Amino acid sequence: MLIAISTGFGIQNEIKSKFSNLFGDASISQYGSEFFNTSENIDDNKIEIEKIKNFNEFYSVNKVIYSNAIIPNKTSFSPIVLKGVEKSNPIFSEFGIKSDSLKNNQAFISKTLRNLLGVNKGDKIKVFFYHSDKNPIIRSIEILDVYETGIKEFDDKFLVTDIEFLRTVNKWDQNSFGIVEIQYTSFNNEIYNYIDPQYSLTINQDKFSEIYNWISLFDTNIYIVIVLMILVSGINMITVLLITILDKTNFIGTVKILGANNKMVRKIFIRNGMSLVFNGLIIGNVIGVLVLILQKNYKIVSLDASTYYINYVPIDLNISYILLLNIFIIFSCFIFLQIPLRYISKIKPNRTLRMN
């Protein structure tokens, strides 16, 4: 159960963290704009970004630009999306790549696109920006570094470049941007006071609803596993204690003759049963924590990144979860032990002596 909880929440948190770093937790954009194409810029005077940055809950507020383009591959052309970020944007912080190293006409490329194009660090590629009412704009971009997020939808088509580069391509001024991406610990509704009504604020959990709904299924799986394992262990405890009571029928009859009542006899078996529970918990916790620490440090068990967005089983080793789980198990086992203890009151001392 400990492993199920730690791995289940670990996978959830890791996937959420990746999407948060790549796209933020919420975004401010034009109404009706495409997910990854900011053809129109936002008026900087109608969104009070500096005041939004002062919210304690919002730990990252970033201006970005998305632009659709195509690049020539080995056989034809591939559609891509360029994401222009500020130097302070933590988009690749968990991958050890810093956005502040980006310069104009430079970009980070995914391993997927690098393999498709057959390019390496330092190489230059041509990018064709197309607009319905304008001639294509051709720019040369140098590959600064290679990334791999594990999120196929991002790795298949995104190049990350400096926001100034896309401002130049779009012929926007130095303060222009297409979207504001916000990362937060909790959402604060006061943000609406600093956004002009002509702009939309979207929670990315709604934008990527299919993925977040899939992630939420892990909660159901975790609870089902816990309930099933507690039921199995509870049935085992009932069986073991019932066998013990039947085996100690003579003992129960004897102590009752000596003056013990049903409550006193129950206490003896409760202590015996709970000692088994505590011994099992100690051994289980030690083994479980050791397995989780090994997985956390050495990533022994792997996953299919194309399915789970990560290539290993992440671990969320949370002390509060461990304590709550142990308390819940102790309470559940205590309740289960009450079932066989009812049999004690049916054992009559005189019948026990006659059988002997």
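Being assigned to a strand (DSSP E or B), more than 17 Å from S200 (Cα to Cα) and among the basic types (K, R) narrows it down to one residue among K18, K83; which is it?
Just one listed residue meets the conditions, K83.
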| said: Would you confirm, using the coordinates I've provided, whether I137 is among the β-branched types (V, I, T), surrounded by 15 or more Cβ atoms within 10 Å (Cβ to Cβ) and in a strand (DSSP E or B)? | reply: yes
| task | Go through segment 143-211 and tell me which helices (runs of 4 or more DSSP H), entirely inside it, have 3 or more residues that are within 27 Å of T112 (Cβ to Cβ) and among the hydrophobic types (A, V, I, L, M, F, W, C). | result | 163-170
| query | Looking at (1) in contact with a Gly (Cβ under 8 Å, 6 or more places away or on another chain); (2) over 18 Å from K18 (Cβ atoms); (3) in the same structural domain as N115 (by TED's automatic domain parsing), which is the only condition I182 fails? | reply | (2)
| remark: Scanning segment 81-111 residue by residue, those of a type in the set (S, T, N, Q) and at positive phi turn out to be N105
| said: Taking the conditions exactly as written (surrounded by 18 or more Cβ atoms within 10 Å (Cβ to Cβ) and either small (G, A, S) or farther than 29 Å from V313 by Cα (or both)), does S88 satisfy them or not? | reply: no
| remark: With the first residue restricted to segment 158-182 and required to be over 15 Å from E142 (Cβ atoms) and in contact (Cβ under 8 Å) with a residue 24 or more places away in the chain, and the second required to be aliphatic (A, V, I, L, M) and part of a loop (DSSP other than H, G, I, E, B), Cβ contacts under 8 Å at 6 or more apart or on different chains are S176/I42; F177/I42; G178/I42; I179/I42; V180/I42
| in the same structural domain as K83 (by TED's automatic domain parsing), crowded, with 16+ Cβ neighbours inside 10 Å, without any contact (Cβ under 8 Å) to a residue 60 or more places away in the chain and among the hydroxyl-bearing types (S, T, Y), is that true of S101? | no
| Scanning for something outside the structural domain of L303 (by TED's automatic domain parsing), under 26 Å from S29 (Cβ atoms) and surrounded by fewer than 20 Cβ atoms within 10 Å (Cβ to Cβ), does segment 114-127 turn up at least one residue? | no
| message | It is to be established whether one or more residues within segment 143-152 are polar (S, T, N, Q) and in contact with a Leu (Cβ under 8 Å, 6 or more places away or on another chain). | response | yes
| When you look at T254, is it part of a helix (DSSP H, G or I) and modelled with pLDDT under 85, yes or no? | yes
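So that you can scan it fast, the table gives a plain yes or no per residue for (1) under 31 Å from the mean Cα position of the chain (by Cα); (2) part of a loop (DSSP other than H, G, I, E, B):
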| position | (1), (2) |
| --- | --- |
| S27 | yes, no |
| N56 | yes, yes |
| I70 | no, no |
| K74 | no, yes |
| L113 | yes, no |
| L116 | yes, no |
| F128 | no, no |
| task | Mind listing whichever residues of segment 187-199 are surrounded by 12 or more Cβ atoms within 10 Å (Cβ to Cβ) and either under 17 Å from E57 (Cβ atoms) or under 26 Å from the mean Cα position of the chain (by Cα) (or both)? | result | F187, N188, I191, Y194, I195
| Selection status of I215, of a type outside the set (F, W, Y), on the phi < 0 side of the Ramachandran plot and free of Cβ contacts under 8 Å to residues at least 40 places away in the same chain | no
| request: Taking only segment 13-53 into account, find how many residues are of a type in the set (K, R) and surrounded by 15 or more Cβ atoms within 10 Å (Cβ to Cβ). | output: 2
| task | Mind telling me which of the residues D123, D100 ends up being of a type in the set (D, E, K, R), under 29 Å from the mean Cα position of the chain (by Cα) and more than 23 Å from S39 (Cβ to Cβ)? | result | D100
| Within segment 267-276, is there a residue that is part of a loop (DSSP other than H, G, I, E, B), exposed (fewer than 15 other Cβ atoms within 10 Å of the Cβ) and on the phi < 0 side of the Ramachandran plot? | no
| request: Could you check N89 against (1) farther than 17 Å from I143 by Cα; (2) part of a helix (DSSP H, G or I) and say which number it fails? | output: (2)
| remark: Only one of (1) within 28 Å of the chain's Cα centre (by Cα); (2) at negative phi; (3) crowded, with 17+ Cβ neighbours inside 10 Å does not apply to S320, and that is (3)
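The values are calculated or read from the model by the stated rules, or taken from the named source; none is laboratory data. All figures in this text were calculated on a predicted structure; none of them were measured in a lab. Note: ideal-geometry Cβ built from the backbone for every residue, glycine included; neighbour counts use all protein chains shown.
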